[in-house]
Amino acid sequence: MTRRERFRAWRRTRPFTGGLLLLLAGLELLLIPLGGDLGHGAIKLVIYIGIGGVFGVLIGLLLIAAGIMIWVNPLHRVFYGIAGIVLGIVSFPTSNLGGFFIGMLLAMVGGAIAFAWEPGE
């Protein structure tokens, strides 16, 4: 069995696409507030980006964690899928209009795919 076949078999046993979309949504929401501010240091970063940026970073990290947990533990996909949808909705008023709608939509679609996924036979 080649490496590609093993990855394909692993991918089919879990909601891979939903986790990937949640991971991308988290990265997008995380990178917008931290765009060019990483070199300033932690205290200046929090003061510079304000409370909206802090929520963007927090929601982004939680979405990344949810995406990874869907891959690692697909039995709890319902919880992480709903959490991803809720975090996507919460990102709209708290984090730059949900990452300019892109992060919010990725989180909502990824959470819905993870929620609806059923293991194959």
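The values are calculated or read from the model by the stated rules, or taken from the named source; none is laboratory data. Just so it is clear, the model here is predicted, and its values are computed rather than measured. Every residue, glycine as well, gets a Cβ built from its backbone with ideal geometry; the counts of neighbours run over all protein chains shown.
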Handout entry: Residues that are in contact with a Phe, Trp or Tyr (Cβ under 7 Å, 6 or more places away or on another chain), over 16 Å from residue 12 (Cα atoms) and of a type in the set (A, V, I, L, M, F, W, C), drawn from the stretch 70-121
Key = 78, 82, 104
Practice task
Find the residue count for the stretch 74-121, including only residues that are in contact with a Gly (Cβ under 6 Å, 6 or more places away or on another chain), hydrophobic (A, V, I, L, M, F, W, C) and at pLDDT below 90.
Solution key: 1
Handout entry: Residues of the stretch 57-115 that turn out to be at positive phi and surrounded by fewer than 17 Cβ atoms within 10 Å (Cβ to Cβ), as a count
Key = 3
